Every structure is written in structure tokens, then in C-alpha cells.
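Worksheet: one structure, shown below.
The values are calculated or read from the model by the stated rules, or taken from the named source; none is laboratory data. All of these numbers come straight from a predicted model, not from anything done at the bench. Because the Cβ atoms are built from the backbone with ideal geometry, glycine has one as well, and the counts that use them run over all protein chains shown. With ligands, DNA and RNA removed, areas are computed over all heavy atoms of the protein, side chains included. Shrake-Rupley method; radii C 1.70, N 1.55, O 1.52, S 1.80 Å.
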Amino acid sequence: MSRINKNVILALLTLTSSAFLLFQLYYYKHYLSAKNGAGLSKSKGSQNGFDSTQWRAVKKFIMLTSNQNVPVFLIDPLILELINKDFEQVKNTSHGSTSECKFFCVPRDFTAFALWYHLWKNEEGWFRIAENMGFQCLKIESKDPRLDGIDSLSGTEIPLHYICRLANHAIHLVVFHERNGNYLWHGHLRLKGHMDRRFVPFRKLQFGRYPGAFDRPELQQITVDGLEVFIPKDPVHFLEEIPHSRFIECRYKEARAFFQQYLDDNTVEAMTFRKNAKELLQLAAKTLKKLGVRFWLSSGTCLGWYRQCNIIPYSKDVDLGIFIQDYKSDIISAFQDVGLPLKHKFGKVEDSLELSFQGKDDIKLDIFFFYEETDHMWNGGTQAKTGKKFKYLFPKFTLCWTEFVDMKIHVPCETVEYIEANYGKSWKIPVKTWDWKRSPPNVRPNGIWPISEWDEVIQLY
Amino acid sequence: MAKRVFDTYSPHEDEAMVLFLNMVAPGRVLICTVKDEGSFHLKDTAKALLRSLGSQAGPALGWRDTWAFVGRKGGPVLGEKHSRSPALSSWGDPVLLKTDVPLSSAEEAECHWADTELNRRRRRFCSKVEGYGSVCSCKDPTPIEFSPDPLPDNKVLNVPVAVIAGNRPNYLYRMLRSLLSAQGVSPQMITVFIDGYYEEPMDVVALFGLRGIQHTPISIKNARVSQHYKASLTATFNLFPEARFAVVLEEDLDIAVDFFSFLSQSIHLLEEDDSLYCISAWNDQGYEHTAEDPALLYRVETMPGLGWVLRKSLYKEELEPKWPTPEKLWDWDMWMRMPEQRRGRECIIPDVSRSYHFGIVGLNMNGYFHEAYFKKHKFNTVPGVQLRNVNSLKKEAYEVEIHRLLSEAEVLDHSKNPCEDSFLPDTEGHTYVAFIRMEKDDDFTTWTQLAKCLHIWDLDVRGNHRGLWRLFRKKNHFLVVGVPASPYSVKKPPSITPIFLEPPPKEEGAPGAAEQT
């Protein structure tokens, strides 16, 4: 009897101690994260006065950057929204006469600033001084993507982000680099193996989930909560750019591999075509930007970007895509005004609209309008002779920025699916004879235009 | 740390070895060994140095002996093994040397410089490389930061500078020192592009706190150099997208103290005059006896290189798209000089060069070539020179200036031998003109002979502007006009017969055209 009892007691004891251990482990983890979370949101309960940790951290940061001549400007979306709403009031407030902390004391985990890298003269000593002031800083750096496009160049890494923590608040300093095409680029915030993932709540950062591209903003200096900061002159425009700022790099390595296999065409004709196509693309981009119409690289032009980071020399035209809901009736006259007359117009706004403009030296600018369905996108095609309609199906996609022939321009973020829909899985192999009616794997016959409509839906010039 | 190979089988290498060993910091561990044969040109000075290091076998090294040595500079020998070769046709037995090297602590080995950012860079550099002399001296280290005077109204403050480098770190060191001492330099605009993953040039770049980029070498010989240039220029315009120009320098040039001042005063010409191809700091014909006036500029129909400014639009629109591909074994600068690329445009050069080419070792260089064509090149050392009449270098204005010069020039006695010093009178500051025979636009027979006898650049035709050459002789301005090909032939008095110099009859194989660096 006692023997069985001993075993039972032993088993029970083991069980309870394991349970207790597990409970401790679980609670410890929970306790720690709660502590951190609680710590950072301690400010939630503090008053809207100038003793809040956020305001103090920002003040110290501004002191640091102005002393060390670090060119920064405020890009925090939360603060910029508030400033924008109360803009008149902010502009008329002179330094030192604020009674209440209205902007920088708002409860939040981060304040985001941008650093204009090429204006920064004295990089070396900054880190040390920041630490002496009480900041704990983390630096994220990586290879310079501007060197990727050229053979194989490797330099020292460039800084992409700094996160400087002071007490319970953290300043996120996004480093902006200038790139060809007159835009500012910032990098992806990726933590390297040895970095402490609990340093700050990284998931709550507003910038850095992807690399981003922004138009170069003009800045203005204002006084907010007694602190002098630079902000974009047009905060509304900047705020609008943020959700659509995702940037993807051209696949330079794959492009180099492609050219190893299929030698690049260096004939005079190819060079002339590339030059003319680039000029046409730049002109189209300028015109559409002025109209406020979003567009992206489509068909052969997109394939050229994806496969070889350049214009395909034997493609005959420049292809762009526009969402039909972005269509504006003055597109045609705007292109006419810059010297690109309309060559043909197929379809109508309600169905299969397609425009083609004549550029110089026989290059056409083809604009395909994309229609959205519940689970896919499509654009239409028309055969002028027969009135036959075609539909080209694409999986749904979103737009990303990229750099192509010295320009910042849109491409589908989900590029390979887009390319494969249009060119099939063998898109890597150059094909010089492409029949738009039959070659694309995503083409479907879509009926025929009734003859009564032909005057409207088939216009050739 | 350093690794060097001295081919002491061949002459003069032992002198280089002595120079190097003398520059090694005391206390460093030296490991020496012989590969193949090291005694044939190991002369007394070198042997004495080895003896002073404590080596027994070094001074007594014989033909095809094998030898291994571990010692300390200024300290004791730690181990040595030597094996004599038994006969002329064979080598000594292999030697295996095992020895213990007592290490000294960092505090003992390192110098105690003040703890500044500069000295941290210095420490990092000195702990890795040797042979840079007083940079690593404990007591009196050479400064590595230079504060040249700022340049008022500096028009080239934001122009990126690309230094094209290979693996000649001691050259790079000398070049960067002179570059960083030039008035008006912006160190953050400098990028050094290294053709290959060589550590020591990168260390030199880091010592000066500059930006260095390494390039995976592609292709061979001169094609490798041309691919390196292409990658470097494209990268420069990528890194500085707002720049409209780039300054291109090489690692084997001394840079004049007024290099940026010279560019700042002349760069607007490149902006405003489409007939210009480049601005270069180098006058191909500017030797010590043929260049006088640092304030004088010329227009020439060649692209000298050796410190020049490239217009971004020229590169992006014309040159980059058709840059020679990696399999074409062409010199990038010869390619740039071809009429298909130059398209009749000209470069602006100073009479007195603002760069000095000191490189003796290189792909296209050797000691003889350097001695003959580069050593006696005139180099400006006067700071803050105010260039004279810069706007007269624009296309039409230059013609006006040439006509003025030719009208004022005294015609020399064409019966005399133009190669003799007595061809010009013993005056100073006068302007003289001579007319030589030049049947067609590409007839340079007489000019080449004249260049040869004047000991200026004669390997190809440089420095001409529509059949006119300008230089100095005995401190007088000397103009040479090619008749009748040059449009300036109209200035020739009817009584003068243009000089004709016959090339010597071709003997046992004329020398082939040598390439410039």
C-alpha cells in the first residue's frame, strides 16, 4: 500500500511542480511584455503639459540635430495631420507663446523625422553625442541600392534608419537618399540577427515596412509647442503620398544574368529607339502628372523593366496602363498640346477603352485602360478591320514606385503575376515577333462591336 | 600589416626593398622568404640591412638558395633557416621554420595619440598597413586632415569628384594628400572607385575619411580599365543625381593647389558653350620649357584627360549608351577622342597644367616612358591664380582673340632651323609666329617632326586648334600655323615659305604608337 502511495505522491509532486514552472514561464513572458507595453503607454495617463515624455524627447532631439547641423524635418503622420488641421493657428503662433502642449504631447510611441542625407556634413561624431545626451540609438544600414544597377559595385553601407530611444519615447529618424528622377528614397527597416527585437515596438512604426519613394518636398519652418521644426510646405500632399509610397527595386542582378545569356543590342538603331522611347515616356509622365492621372508601365515596357531593367530595343512602342476610374476627358487634348497627336481610339469609357498617340520616329504611345471586377482586372483590345473585341485578364494588383530610365514611375507591385498573365511562364525568353491578338496567354475573345457603334468605338487618324 | 614581393633577381628591386623595410615601424614582426631565386641582384645595401636585422643567412644568400626568416624590426631574430643549392641547375632543399613569436600587448605596440576621431582612423590604419612612413609615427604623426583655404564663390562646391583607382595604394595616398590640400575641395563630394577588392587602397581611403567603392573587375587589360571607368562614372551620377558635372581624376596625379579655383572660374564655359567637350587640367604640350603663363587658357581639339570635367548630359545621352562593351580591347580615352564621339568639339586647357602625372608603374607606363614624356611636365604651384579673359574661350570670341594674336605676332626668319633655340630671338614676352607645311587637315608630318625636336608630345597630334598650335619658347609666346590647311594661313605673308621638315627615312621598324596612361 505505502509503495503505491509513494509513487502516486511522487507523480503528483512532479506534475504540480511542472505545472508551476510552466505557469511561471508563461506569466514571466506576459509580465515583461505588459511591463514594456505599460511603460510606453504610461504617457497615456499624463497631462497635456510640457512635462510629457514625448515632448521632452522631441525637444532634446531637436536640440541635438540643430547643434550638430543634422538636416531633419518632421514627417510624423499623426502630428502632421494635427498641424494641418490647425494650420492657421500654428502659423500665427510665435515662438514661446504657447499655453498648452497640443501636438507633441499626443500619446504615441514614436515621432518620425526625415533626414536629408546628402545635406548631412558631419556624420561621424553624431552617434556618440546622441548617446551622451541620453539617447539610446539603433542604426539600421544596408547596401546602397544606387550602386546595384552597375556591374558589381560595393561600397560601405549607407544608413537607412536611426531609432533613438529616450525614457519611454522613441524618435524614428528615416534617412532619405536622393535618386535619379528627382525623388527621395528611404530603405526597408530590417532588423539584423543580433539586434534586440524588444528595443521599441517596431510593429508600430509608420515608416520602414517597405522601402518608400517621395517627391522632394519644399520645407517651411514653423513653431509647434514652443519647438522650431521644419515640415513639408505642402503637408497634405506629403500625407497623401505616405500610403502609396511603397518602392520596389529593379532586379539588377537578374538583368545582368539576362544580358549574360542574351547579349544586349548595341546597334545604332537600338540606341536611337531607346533614346526616343525614353523621351516619349518622360513626356507622357510629365503630361499625366500635370493632369493628376495615375499610370503604370504595362505590356512590353513593363516586361523590359522586369526582365532587363531597360527598354526592350525591338519593342515598337511604349505601353502604359491607367485605371478606368482615373480617366479624364482632357487626356487626349493634353497629349495633343505637347506634340503627341491621337493615332487611334478604340472602345469607350464604359468598355475596352484604348488610346494610341503618335510619337516621333514612328514610336507609338499605347494607353490601356483597366477595368476592375470582383476578383480580377482586365483591359480591352479591338481589331479595327473586323470589329472583334478581346479581353486581357490580369490578377488584381496594387501599384508600387520604381526607378526606370532615370525616372520614378509606377509598376504593379505583384509584377511577376502581371507579367506571366501577359507573357506566360516563358517571359524570360526574348520573342521578337509578338502578335497581340494571339500570343498573350491571357487573351480571350470578347465578342464583336455592333456595326452601329463602329464610328464611336473605332476611330483611326 | 603588409605583404610585399621584391624580385631581387632583377635589378633595382633590392633598393625598393630597402626603402620599404626602412619605413616599417619598429617592433613589427618580419617574415621573409625566398621564392625561386632572390640573390642575383641583392646588393650590398640590402645585405647590410638584412645583417642589421640580425639575419645571418640573408647577407650570405647564394644562387637559388632557400631561406626563411622571422625577426623583429629593431629587435631580436626569432628564427632562421637556410639551405644552400648544391649546383647551379638546382635549388636548395625546402626549409621548414617553426618558431614562437612572443606577442606584445596592444598598449606596448600602439602609439599613444590623443583620442580624437582622426586618431582613431589613424590607429585603425596603422594597425593594418605598413610603408606609409610618418603617418604612423608615435611622436610626430603627419597630419591627415588638411584645412585648405576656402574658395570664395566656389562654383564647383557641389560637383562630385570621382577618383579612379586600381591597386597602387601608395600612389593613391600621395594623390589624396594633394587633392585634400587643394583650395576649395569638398571632401564629401569625393568618391574613390577601386577596380577590385583590394584592401590596402580601401584602408587609405578610410584613413582620410572618404567614401570608397570597390568594383568587381570585368574583362582584361585596357578593357578592364574602360569598364571600371564606365561603372565609376555611372555610379557617380547615380549617387549625386542633382549634379550636372563630374570631375574625373586618377590615382597617379598630383593635384595643383588651385585646381578647384581653376575649375570654378572656367566651369561656366562648359555650361554655356555647346561646342565644348570638356575642361581638362592637363596641357599635353606644357613642358617646363614650353609653358609659361598660369593665367592663360587654350581651346584644343583633343581630350587630354588627366584631371578633367565631364558634362552629365554628354555622358548620359551620348557616351554611356554606347560605351565599349567588355570584349572590346580599346582604351577608353582613345575611344573618347575618336571623331564619332568627339564630334568636332573642343576642350579647354590651361597653359600651365593643374595636374602632374607621377605614376611610373602601370598598365601603360614604364620608367622610360615616364622619363621621356611626363617627368619634365610643368605643374602650377601658385595658389589663387586669376585666369585671364575667360570668356574669350567661347567659340566666336576665341577666333577674335586668335586673329588679334596673329596680327600682333612677329613673323620669324623661316630660313633658320626651327628646332634650334636661335630660331627665336633672345627676348621675353614677345609673340612670334611660324608657318609650317600642312597640306591637308590630317597632314601632321612637319608638326610631328617639330614636336620631336622640341621634345614635346610627339606620339600623336595634340594641342591643335584648326591647324594652330600655341606654346612658349624662351618665355615668348610661339604660334605655329599649318599652311594651307589651317584657316589662319591667310595671315601668312606671301614672301614666307612654310617650313617643311622631312621625317627621317624609316629604319629597322619604326616604333609603334605608344598609348598614353
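Observations on the model:
- Inspection of the range A:162-179 finds a residue satisfying the criterion of being open to solvent by less than 10 Å² (accessible area, probe 1.4 Å), within 14 Å of chain B (Cβ to nearest Cβ), out of contact with any Leu (no Cβ under 8 Å at 6 or more places or on another chain) and closer than 23 Å to A:His244 by Cα.
- All positions within the range A:416-461 that are open to solvent by 70 Å² or more (accessible area, probe 1.4 Å) and assigned to a strand (DSSP E or B): A:Arg444, A:Pro445, A:Ile448, A:Leu460
- Looking across the range A:308-353, just one residue is under 24 Å from A:Glu403 (Cα atoms), small (Gly, Ala, Ser) and open to solvent by 10 Å² or more (accessible area, probe 1.4 Å), and that is A:Ser315.
- Residue check, B:Glu420 without any contact (Cβ under 8 Å) to a residue 24 or more places away in the chain, within 31 Å of the chain's Cα centre (by Cα) and loosely packed, with under 14 Cβ neighbours inside 10 Å: yes
- Residue tally, condition part of a loop (DSSP other than H, G, I, E, B), open to solvent by less than 10 Å² (accessible area, probe 1.4 Å) and either under 22 Å from A:His188 (Cβ atoms) or among the polar types (S, T, N, Q) (or both), over the range A:208-230: 1
- Looking only at the range A:231-259, and only at residues there that are over 30 Å from B:Ala231 (Cβ atoms) and open to solvent by 50 Å² or more (accessible area, probe 1.4 Å), the one that is nearest to the other protein chains (Cβ to nearest Cβ): A:Lys233
- Residue pairs whose Cβ atoms lie under 8 Å apart, separated by 6 or more positions or on different chains, with the first residue in the range A:113-139 and closer than 20 Å to A:Phe199 by Cβ and the second among the acidic types (Asp, Glu) and surrounded by 13 or more Cβ atoms within 10 Å (Cβ to Cβ), are A:Phe113/A:Asp76.
- Summed over the range A:101-136, the residues that are more than 14 Å from chain B (Cβ to nearest Cβ), touching a Lys or Arg at 6+ places or on another chain (Cβ under 8 Å) and surrounded by fewer than 18 Cβ atoms within 10 Å (Cβ to Cβ) give a count of 4.
- For A:Leu184: the one exception among (1) in contact with a Cys (Cβ under 6 Å, 6 or more places away or on another chain); (2) within 14 Å of chain B (Cβ to nearest Cβ): (1)
- Going through (1) open to solvent by less than 20 Å² (accessible area, probe 1.4 Å); (2) at pLDDT below 90 one by one, B:Gly184 falls short only on (2).
- Within the range B:197-218, restricting attention to residues that are touching a Ser or Thr at 6+ places or on another chain (Cβ under 8 Å) and over 25 Å from B:Glu317 (Cβ atoms), the residue that is nearest to the other protein chains (Cβ to nearest Cβ) is B:Thr216.
- Any hit, the range A:260-277, residues being open to solvent by 30 Å² or more (accessible area, probe 1.4 Å), in contact with a helix residue (DSSP H, G or I) (Cβ under 8 Å, 6 or more places away or on another chain), more than 12 Å from chain B (Cβ to nearest Cβ) and more than 17 Å from B:Glu317 (Cα to Cα): no
- The condition (being open to solvent by 50 Å² or more (accessible area, probe 1.4 Å) and touching a strand residue (DSSP E or B) at 6+ places or on another chain (Cβ under 6 Å)) is satisfied by just one residue among B:Glu439, B:Glu502, B:Glu428, B:Glu410: B:Glu410.
- Residues (part of a helix (DSSP H, G or I), crowded, with 16+ Cβ neighbours inside 10 Å and of a type in the set (A, V, I, L, M)) located in the range B:24-60: B:Ala46, B:Leu49, B:Leu50
- Residues satisfying the stated conditions in the range B:189-206, i.e. in a helix (DSSP H, G or I) and either without any contact (Cβ under 8 Å) to a residue 12 or more places away in the chain or farther than 14 Å from B:Ile164 by Cβ (or both): B:Met189, B:Glu199, B:Glu200, B:Met202, B:Asp203, B:Val204, B:Ala206
- When restricted to residues that are within 11 Å of another protein chain (Cβ to nearest Cβ) and either closer than 15 Å to B:Ser275 by Cα or in contact with a Pro (Cβ under 6 Å, 6 or more places away or on another chain) (or both), the range B:313-325 contains 1.
- Set B:Val192, B:Val156: member being crowded, with 23+ Cβ neighbours inside 10 Å, outside the structural domain of B:Asn380 (by the TED database) and either in contact with a Phe, Trp or Tyr (Cβ under 6 Å, 6 or more places away or on another chain) or of a type in the set (A, V, I, L, M, F, W, C) (or both): B:Val156
- Looking only at the range A:180-199, and only at residues there that are part of a strand (DSSP E or B) and open to solvent by less than 10 Å² (accessible area, probe 1.4 Å), the one that is nearest to B:Arg244 (Cα to Cα): A:Tyr183
- Failed condition for B:Gly131, given (1) modelled with pLDDT of 90 or more; (2) not in a helix (DSSP H, G or I): (1)
- Hits in the range B:219-242 - residues which are facing chain A (nearest Cβ under 10 Å) and either without any contact (Cβ under 8 Å) to a residue 60 or more places away in the chain or among the aliphatic types (A, V, I, L, M) (or both): B:Ala231, B:Leu233, B:Ala235, B:Asn238, B:Leu239, B:Pro241
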